[in-house]
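Read-outs throughout are calculated quantities, based only on the coordinates presented, and are distinct from any laboratory measurement. Since the model is a prediction, treat every value here as computed from it, not as a measurement. Note that each Cβ is placed from the backbone with ideal geometry, even for glycine, and that neighbours are counted across all protein chains shown.
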Amino acid sequence: MKIEQIPVGYMQVFCYLVYDEETEEGILIDPAGNEEALVEHLREKGIKLRYIVNTHGHADHTCGNEPIRKATGAGVVMHAADDVFYQKPESKMFARSMGFPAMSPADVSVQDGDELSFGNLKMKFIHTPGHTPGGCCILIDGNLFTGDTLFVGAVGRTDLPGGSFKQLIQSLQKLVKTLPPDTVVWPGHDYGDRPKSTLRREAETNPYIVEYMN
């Protein structure tokens, strides 16, 4: 398995290319900007894109869905709760007010615990609401792509529509208590002192875990 962490857009979003070296089949997680460059990168590497995966429905993480779907034929995957929530007229208006296109419906809606395969790899969806109603973390072979649920040293904001600080803390508890401490954390934004972390490090140093879970 190969993981490429790719900064995209103007909001320091981390997009992830994850692919199986044997089959050359892969996924893009949160392709939110620089879409032409991402598509060209896939072509240069010979990667067949199976899925476009969104950790949540905020426009700064989904704005690249349509261009990449049209260019590659890959299906968009999102948790069902966000797929519904961000199709509401008020959600689409909010996206446009931020200068982003409104999100189109997902091709595949998932629930907590669902799994999808690409190549010889399998990804598991862990529902982690709080930042958004359908926020998810994606677990692939000991690697956790956390979107805006968990950053390095911080967490996503909960003051936007659909957010809940109580739910977010419960989601963090779920991750820390059910996954191995050496699980690698790949965050949705480049906001920390390093580009990735581990659940052990976050449990020991992240103030939102240290202060609210102990």
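Measuring gaps between exposed loop sites in the chain (GluC sites (Glu not before Pro); DSSP loop; at most 16 other Cβ atoms within 10 Å), the longest gap, sites not included, is 25-214.
Using r as the Cβ-Cβ distance of E90 and D159, and R0 as 22 Å, what FRET efficiency do you calculate, to the nearest 0.05? Given R0 = 22 Å and the Cβ-Cβ separation, E is 0.90. Annotation for the range 112-206: trypsin sites (Lys or Arg not before Pro) lying in DSSP loop with at most 13 further Cβ atoms inside 10 Å of their Cβ are R157. In this structure the amide hydrogen of V155, modeled in the peptide plane, comes within under 5 Å of no amide hydrogen from residues 5 or more places off or on another chain.
Net charge in the neighbourhood of Q12 (other residues with Cβ under 13 Å of its Cβ; Lys, Arg +1, Asp, Glu -1) is -4. Each Lys and Arg Cβ is given +1 and each Asp and Glu Cβ -1; about its Cα centre, the range 2-213 then shows a dipole of about 360 debye. Between (i) 22, 22, 18; (ii) 35, 23, 17; (iii) 25, 21, 15, which matches semi-axes √(5λ) of the Cα gyration tensor in Å calculated for the structure shown? It is the value labelled (iii). In the range 24-55, which residues have a backbone nitrogen under 11 Å from the label point lying 7 Å from K2's Cα in the Cα-to-Cβ direction? Flagged as within label range: 24-26, 42-48.
Report, in whole Å, the centroid distance computed from the Cα atoms of the range 3-26 and the range 114-174. The distance from the Cα centre of the range 3-26 to that of the range 114-174 comes to 17 Å. Under the criterion of Cα pairs below 8 Å and six or more residues apart, the relative contact order for the chain equals 15 percent.
At R0 = 30 Å, how high is the FRET efficiency between A37 and M213 if r is their beta carbon distance? Nearest 0.05 is fine.
On the way: r = 39 Å, r/R0 = 1.31.
Working from the Cβ atoms, E equals 0.15.
Listed from fewest to most Cβ neighbours within 10 Å, the set H79, H127, H41 follows the order H41, H127, H79.
Phi angles of the range 178-195 translate, via the Karplus equation with coefficients 6.51, -1.76, 1.60 and θ = phi - 60°, into HN-Hα couplings of 10, 10, x, x, 8, 4, 7, 9, 10, x, x, 9, 8, 9, x, 7, 7, x Hz per residue; Gly and Pro are given as x. When the chain is described by a simple charge dipole with +1 on each Lys and Arg Cβ and -1 on each Asp and Glu Cβ, the residue from A154, V76, Q5 located farthest towards its positive end is A154.
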